[in-house]
1. Answer with yes or no whether Tyr63 is within 30 Å of Gln120 (Cα to Cα) and not in a strand (DSSP E or B).
2. Would you call Gly77 outside any helix (DSSP H, G or I) and modelled with pLDDT under 90?
3. Among Lys118, Lys108, which is open to solvent by 50 Å² or more (accessible area, probe 1.4 Å), touching a residue at least 12 places away in the same chain (Cβ under 8 Å) and either assigned to a strand (DSSP E or B) or at positive phi (or both)?
4. Residues to consider are Gly81, Gly139, Gly133; find the one that is open to solvent by 70 Å² or more (accessible area, probe 1.4 Å) and without any contact (Cβ under 8 Å) to a residue 24 or more places away in the chain.
Amino acid sequence: MISNRAKNQGQVLIISLIFMLVVLILATALFDYVFQNVKATRRAVAKEQAIQLADAGIDKAVYELNQSLGAYSGETGTALGTGEFDVSVQAISSSVREVTATGYVPNKVSPLATRQIKIQIGVSSTQANFFYGVQVGEGGLVMDNNSTIN
């Protein structure tokens, strides 16, 4: 006669295999969810960096147009921070330029993100000066002898 113990020996193995399979499926789903969120976050950061690079290209174009009184035509492949930007300047009229800046992260050849900004700028022979300015870098501003900025 076969005992109850001999009949039940395979049940523990089957239950533990089913349990391990469920845990493996849940762990795989969790890792997939985490990796998708990491990838989406990286894309969002790259898009923001690309728009900031395009904005830097606009700033560079405005500076160059001010320095050359409207003779600046643009540049390509300028590396800055985490990527590159291109700037093109086209004359709409004698006093208006259309500036298009495109930011690429991490580079123009194989970009993860690309953003473009297009603006129109008025150009005149009068040059504006900014005499009182402070640019503060990493570490902030340190002043001595009871100095203040108004």
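The values are calculated or read from the model by the stated rules, or taken from the named source; none is laboratory data. None of the values given here were measured: they were computed from a predicted structure. Methodologically, a virtual Cβ is constructed for each residue, glycine included, from the backbone with ideal geometry; neighbour enumeration extends over all protein chains shown. The accessibility values were calculated without ligands, DNA or RNA, using every heavy atom of the protein model including side chains. Shrake-Rupley method; radii C 1.70, N 1.55, O 1.52, S 1.80 Å.
1. Taking the combined requirement at face value, the residue satisfies it.
2. No, not satisfied.
3. Working: Lys108 fails: either assigned to a strand (DSSP E or B) or at positive phi (or both).
Just a single option satisfies the conditions, and that option is Lys118.
4. Gly139
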